[in-house]
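The values are calculated or read from the model by the stated rules, or taken from the named source; none is laboratory data. Computed from a predicted model, the values in this text were never measured in an experiment. Using ideal geometry, Cβ is built from the backbone for each residue, glycine included, and neighbour counts are taken over all protein chains shown.
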Amino acid sequence: MGASVEQTLSAAEIAMEHHLGLTCDPLGGQVQIPCIERNAISAVKAINAATMAMSRVSEPCISLDEIIAAMYETGKDMSAKYRETYHGSLGKIQPRKRG
């Protein structure tokens, strides 16, 4: 896309800040829902974040390093049952049989 280093860091910051606090709670022990679907949606969000960063005329309010630190803190504070353990939220639901 032809972005500068600063624009690339800004795009990563824009994309990542909207993932703070998301759980990883695979439905029925399978990573398709929500993980794989979330990744597909995130790919589109990444393109949008890059477009936004490349058209930005002001300096970002927060740095990528600050987003990464906040994400780390959020992960440490999050209950273990929401970290791909199948013990919380969607992980406790048994999906209906498809057929």
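Starting from segment 8-36, take each residue that is touching a residue at least 24 places away in the same chain (Cβ under 8 Å) and list its partners that are of a type in the set (S, T, N, Q) and assigned to a helix (DSSP H, G or I), counting only C-beta distances under 7 angstrom and pairs at least six apart or across chains.
Within 7 Å, the pairs are Leu20/Thr74; Gly21/Thr74; Thr23/Ser89; Asp25/Ser89.
What are the residues in segment 1-14 that are assigned to a loop (DSSP other than H, G, I, E, B) and of a type in the set (A, V, I, L, M, F, W, C), if any?
Once the filter is applied, which keeps residues that are assigned to a loop (DSSP other than H, G, I, E, B) and of a type in the set (A, V, I, L, M, F, W, C), segment 1-14 yields Met1, Ala3.
For residues that are touching a helix residue (DSSP H, G or I) at 6+ places or on another chain (Cβ under 6 Å) and of a type in the set (Gly, Ala, Ser), scanning just segment 8-34, find the one that is farthest from His87 (Cα to Cα).
Ser10
It is to be established whether one or more residues within segment 8-16 are surrounded by 14 or more Cβ atoms within 10 Å (Cβ to Cβ), among the acidic types (Asp, Glu) and at pLDDT 85 or above.
Yes, segment 8-16 has at least one match.
Looking at this structure, is Ala40 among the aliphatic types (A, V, I, L, M) and more than 18 Å from the chain's Cα centre (by Cα)?
Here the answer is no, as Ala40 does not meet what is asked.
Please find, among Glu66, Glu17, Glu37, the residue that is out of contact with any Pro (no Cβ under 6 Å at 6 or more places or on another chain), of a type in the set (D, E, K, R), part of a helix (DSSP H, G or I) and closer than 22 Å to Ile93 by Cα.
Exactly one residue qualifies, and that residue is Glu37.
Can you name the number of the only condition in (1) of a type in the set (Ser, Thr, Tyr); (2) touching a residue at least 40 places away in the same chain (Cβ under 8 Å); (3) not in a helix (DSSP H, G or I) that Thr74 fails?
Going through (1) of a type in the set (Ser, Thr, Tyr); (2) touching a residue at least 40 places away in the same chain (Cβ under 8 Å); (3) not in a helix (DSSP H, G or I) one by one, Thr74 breaks only (3).
Take the residues of segment 20-34 that are touching a Lys or Arg at 6+ places or on another chain (Cβ under 9 Å), in a loop (DSSP other than H, G, I, E, B) and not charged (D, E, K, R): which is surrounded by the most Cβ atoms within 10 Å (Cβ to Cβ)?
Across segment 20-34, the extreme among qualifying residues is Thr23.
Taking the residues in segment 35-53 that are within 22 Å of Glu84 (Cα to Cα) and among the polar types (S, T, N, Q) as candidates, determine which candidate is surrounded by the fewest Cβ atoms within 10 Å (Cβ to Cβ).
Filtering first and then ranking leaves Asn39.
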